[in-house]
Amino acid sequence: MKLALVGNAANTMFSLARYLRARGFDAHLYLMANEFDQFHPSNDSYADDYRDYTSRISWSNLPSIFYSSKKSDIRQFVAKYDRVIGSGAVPAYLNKAGGCLDVFIPYGSDLYFIPFVKLLQTPKSKFHKYAFLKYHQREGIRNSRVIVMDKSNDEFESNLTKLKPRGKRIVSNSPFIYAPEYDPGNISQNYSGSKWYPEFKRIREEFEVVVFHHCRHSWKTHGNSYSYKGNEKVLSGFADFVKEHKRACLVTTEYGPDVDESKKLIQDLGIEDHVRWFPLLPRKELMIGISHCDIGIGELGMSWFSYSVIYEFLTMGKPVVHHRNDELYEGRYPQMYPMIKATSSDEITRILWNLVNDSRRFAEIGDGGREWFLKYAVEEPVNTVVEALNE
């Protein structure tokens with residue numbers, strides 16, 4: 001079966017393409033024109049065999065590009081494939097051409113923003129283009145044959161409910177990460193080719209406790225509830241911890257609208273010597289950094305079950321801390337991945353002391369998380385997509 005996977009936000013489609021190719025599918029990955037460079041396959045692989053099946057497509061989430069796209073070009077592209085899997089504005093493109101997307105795997109703003117953009121805030125010169133994209137995205141999602149989306153918080157779920165999709169909703173996460181690339185037992189083989197390995201090694205040797213927090217810094221100027229990450233709580237909780245435990249380090253990245261605000265807060269808290277900033281790193285470098293940490297911290301804002309940051313920690317067998325309201329996900333899995341819950345700075349402080357006092361228990365949490373990841377975030381989701389393609 002010949003497949004087109006279009007869009008690669010958060011590298012999800014690249015991971016899925018690799019799993020499907022391993023299952024014998026002739027899967028081809030198409031990167032959309034508007035996607036960040038960080039979501040290029042070269043940033044998520046230590047090899048370059050992706051070049052054999054990866055191309056760039058002119059499609060974009062930008063209303064102006066979508067508006068000017070030709071129906072005939074879209075139809076010509078789709079005709080080359082047995083199935084099309086997409087995210088971003090891909091549902092809109094197929095709907096515009098009179099077709100429907102076979103499998104839609106939303107990543108976030110393609111579901112909560114594009115179909116619900118408030119046109120009253122749109123400049124008059126661009127109004128009709130935004131309205132055009134909004135209409136086709138709504139209809140494209142409604143008409144998608146299959147929608148693969150994990151169970152989420154009520155606010156995010158409500159977006160799909162409002163659209164009243166006619167296709168089959170499969171409650172499943174997407175295989176965000178290609179696990180064979182990031183095996184904790186083998187990742188050291190890639191240290192020699194890493195630009196940042198020497199710095200991660202230096203941090204590991206200098207500090208007894210290494211905390212990794214590479215969530216987007218979005219806590220002061222965030223635009224909506226989905227974007228609030230609670231970074232300030234992480235920083236404040238860590239600051240209270242290092243008042244007594246002097247050999248601890250927090251590793252973070254210059255990613256998000258509030259990086260400067262976080263740097264100012266770090267200065268105000270007096271913990272500059274205990275924080276190491278890195279530029280926005282490709283995943284293959286992030287994973288090398290994570291392999292050197294003791295614990296990973298995700299979002300303390302809205303409750304989420306699955307997202308890239310958490311799955312990156314789970315992949316590497318590291319204990320994870322974030323906000324997860326289990327009541328929202330009851331019945332979704334026979335068991336949920338082991339983790340440590342937190343929504344406040346005080347909880348972060350307490351968790352870090354617990355890590356120091358009971359490192360063996362935290363290591364077991366990390367090992368259990370990886371075991372869960374391989375079964376419920378790799379094996380079962382890939383099986384789900386394969387079944388959807390064969391229906």
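The values are calculated or read from the model by the stated rules, or taken from the named source; none is laboratory data. Please read all numbers here as calculations on a predicted model, not as lab measurements. Quick reminder, even Gly has a Cβ in these numbers, built from the backbone with ideal geometry, and neighbours come from all protein chains shown. Quick note on the areas: whole protein, heavy atoms, side chains included, nothing else; ligands and nucleic acids left out. Shrake-Rupley method; radii C 1.70, N 1.55, O 1.52, S 1.80 Å.
Some values worked out for this structure:
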{"item": "Criterion: at pLDDT 95 or above, surrounded by 17 or more Cβ atoms within 10 Å (Cβ to Cβ) and over 22 Å from the mean Cα position of the chain (by Cα) - qualifying residue of Lys96, Lys71", "result": "Lys96"}
{"item": "Condition met for Ile57 (open to solvent by 10 Å² or more (accessible area, probe 1.4 Å) and of a type outside the set (S, T, N, Q))", "result": "yes"}
{"item": "Tally, over region 173-209, of residues that are among the aromatic types (Phe, Trp, Tyr), in contact with a Lys or Arg (Cβ under 7 Å, 6 or more places away or on another chain) and open to solvent by less than 40 Å² (accessible area, probe 1.4 Å)", "result": "1"}
{"item": "Out of Tyr337, Tyr329, Tyr307, Tyr333, sole residue that is at pLDDT 90 or above and among the hydroxyl-bearing types (Ser, Thr, Tyr)", "result": "Tyr337"}
{"item": "Qualifying residues in region 156-172 (those that are in a helix (DSSP H, G or I) and within 18 Å of the chain's Cα centre (by Cα)) - the one surrounded by the fewest Cβ atoms within 10 Å (Cβ to Cβ)", "result": "Glu157"}
{"item": "Options Tyr130, Tyr112; residue that is under 29 Å from Glu327 (Cβ atoms), at pLDDT below 95 and open to solvent by 10 Å² or more (accessible area, probe 1.4 Å)", "result": "Tyr112"}
{"item": "Strands (runs of 3 or more DSSP E) enclosed by region 220-306 - at least 2 residues per element that are open to solvent by 30 Å² or more (accessible area, probe 1.4 Å) and within 29 Å of Tyr46 (Cα to Cα)", "result": "275-278"}
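Residue by residue, here is whether (1) part of a loop (DSSP other than H, G, I, E, B); (2) under 15 Å from Glu232 (Cβ atoms); (3) open to solvent by less than 20 Å² (accessible area, probe 1.4 Å); (4) touching a Phe, Trp or Tyr at 6+ places or on another chain (Cβ under 8 Å) holds:
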{"site": "Leu314", "(1), (2), (3), (4)": "no, no, yes, yes"}
{"site": "Pro334", "(1), (2), (3), (4)": "yes, no, no, no"}
{"site": "Glu347", "(1), (2), (3), (4)": "no, yes, no, no"}
{"site": "Arg350", "(1), (2), (3), (4)": "no, no, no, no"}
